[in-house]
1. Go through the residues of the range 90-98 one by one and say whether even a single one is of a type in the set (K, R), part of a helix (DSSP H, G or I), under 22 Å from the mean Cα position of the chain (by Cα) and at pLDDT below 95.
2. Do you know which residues across the range 293-328 are surrounded by fewer than 23 Cβ atoms within 10 Å (Cβ to Cβ) and polar (S, T, N, Q)?
3. Quick check, is V73 outside any strand (DSSP E or B) and β-branched (V, I, T)?
4. Being under 27 Å from L39 (Cα atoms) and exposed (fewer than 15 other Cβ atoms within 10 Å of the Cβ) narrows it down to one of S151, S96, S113, S86, so name that one.
5. When only residues in the range 328-353 that are among the hydrophobic types (A, V, I, L, M, F, W, C) and more than 20 Å from I393 (Cβ to Cβ) count, which is modelled with the lowest pLDDT?
6. Within 19 Å of the chain's Cα centre (by Cα) and in contact (Cβ under 8 Å) with a residue 12 or more places away in the chain: is that true of T182 in this structure?
7. Report whether or not S51 is surrounded by fewer than 16 Cβ atoms within 10 Å (Cβ to Cβ), out of contact with any helix residue (DSSP H, G or I) (no Cβ under 9 Å at 6 or more places or on another chain), free of Cβ contacts under 8 Å to residues at least 40 places away in the same chain and not acidic (D, E).
8. Within the group T65, T52, which residue is in a helix (DSSP H, G or I) and over 15 Å from A226 (Cβ atoms)?
Amino acid sequence: MDKLLIRGGHALNGEIAMSGAKNAALPILCASLLTAEALEFSNVPQLNDISTMLRLLGDMGVAITRDGDDGMVCLDGSTLNNPVASYEMVKTMRASILVLGPLLARCGEAKVSLPGGCAIGARPVDQHIKGLQAMGAEVKVEQGYVHARASRLKGARICTDMVTVTGTENLMMAACLADGETIIENAAREPEVVDLANCLVAMGARISGAGTDIVRIQGVDKLHGARHAIMPDRIETGTYLCAAAVTGGKVRLTRTSAAYLDSVVDKLLDAGCEIVIERDAIQLSAPARLKSVSLRTAPYPAFPTDMQAQFMAMNCVADGVATIRETIFENRFMHVNELMRLGANIQIEGNNAVVRGVGQLQGATVMATDLRASASLIIAGLVAQGETQIDRIYHLDRGYERIEQKLSALGASVERLR
């Protein structure tokens, strides 16, 4: 199992390009199940989760052509012949549930294993099932599988009990081929939902309201082929901004946008960073020492839970005391014990973490527990004195493309141990 060895104490300086967004690419790849015509996607990141999704789609009969050099992926769903997502294919990735809606809408049947993924708390699929049932589907959960049937889905008014990104995406895809109008209330507003909607509209879907809490979909008889570029990864962008900030560096990140990072940029400014926003790039200059910043995670456009761990790592060496409140996932403080192994001063009180900044972290061997926890340990290791070894970095490869190469390009000392 691969490990990362980080020798801390190097300020990050220079320029690197950001990758396409994993959380946008995964549902967009699933849109290939909605049409028998070819789709061409650019800026698709090379990540383990993407490879897993492509294998899953291929197992269902989708023809796949991939050019990793420029992030091009071509999908042809005309040969779709197996509306089943087996446990072996989906056990490592929760996003596999995104095949449920489009499979059911196009094939009239879908059998999808209950998914796995990061162990950061309950992310139930009941909202997906509730929405499909409202659209007339017969859904059973048995022997670890969601088995859904419907000759043709019917438009419906759906109000989810909670804001769910994958639930909104699944129901939006299913509604594209339903008979009549579907209204999704309490819909997720994340930019990745908007990117999926833009792709579906390019395929001939009729969608309005994406990016608000009410999305309307007028069902059509069929969708056609299209081309679509995946949006930049806002969480990858935020992670590199945090890494530069904590090391006292100065970086310019290209092929990205600050349009979806308002809450993150605001907190970096509060921490004392200088930020220059360009049309498709962001520059950050860090102070000699950061100021502590308190935050509370909440659904978009509030502060993203996927950036909580990275800011906690920043606060570990910042001047002052910060309180971090996690409201999305109940198990998303698993990185705390590992940060404390590096010398951090953190106290957990329910879903609050109180972080008191220390003058210096010390390198140690730590273990990654999930994707964003892995990123927080890298950030801490970059500023720690001595060597930090991070075990179980397979989580990183699920969500960060070539992270050691990108960090090395900015002057970090990062080595992958195989």
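1. Let us first name the residues in the range 90-98 that are of a type in the set (K, R), namely 91, 94.
Narrowing further to those that are part of a helix (DSSP H, G or I): 94.
If we keep only those that are under 22 Å from the mean Cα position of the chain (by Cα) too, we end up with 94.
After this cut, where a residue has to be at pLDDT below 95 as well, the list is 94.
Yes.
2. S294, T297, T305, T323, T327
3. Values: outside any strand (DSSP E or B): no; β-branched (V, I, T): yes.
So V73 fails the test.
4. Details: S96 fails: exposed (fewer than 15 other Cβ atoms within 10 Å of the Cβ); S113 fails: exposed (fewer than 15 other Cβ atoms within 10 Å of the Cβ); S86 fails: exposed (fewer than 15 other Cβ atoms within 10 Å of the Cβ).
Of S151, S96, S113, S86, the one residue that is under 27 Å from L39 (Cα atoms) and exposed (fewer than 15 other Cβ atoms within 10 Å of the Cβ) is S151.
5. At the first step, the residues of the range 328-353 found to be among the hydrophobic types (A, V, I, L, M, F, W, C) are 328-329, 333-334, 336, 339-340, 342, 344, 346, 348, 353.
Now drop any that are not more than 20 Å from I393 (Cβ to Cβ), which leaves 328-329, 346, 348, 353.
Working: I328: 87, F329: 74, I346: 97, I348: 93, A353: 96.
Applying the filter and picking the extreme gives F329.
6. Values: within 19 Å of the chain's Cα centre (by Cα): no; in contact (Cβ under 8 Å) with a residue 12 or more places away in the chain: yes.
Spelling it out, it is not the case that T182 is within 19 Å of the chain's Cα centre (by Cα) and in contact (Cβ under 8 Å) with a residue 12 or more places away in the chain.
7. Details: surrounded by fewer than 16 Cβ atoms within 10 Å (Cβ to Cβ): yes; out of contact with any helix residue (DSSP H, G or I) (no Cβ under 9 Å at 6 or more places or on another chain): yes; free of Cβ contacts under 8 Å to residues at least 40 places away in the same chain: yes; not acidic (D, E): yes.
The answer is yes for S51.
8. On the way: T65 fails: in a helix (DSSP H, G or I).
One residue alone meets the criteria, T52.
The values are calculated or read from the model by the stated rules, or taken from the named source; none is laboratory data. These numbers were taken from a predicted model, which means no experiment stands behind them. We place every Cβ from the backbone using ideal geometry, glycine too, and count neighbours over all the protein chains shown.
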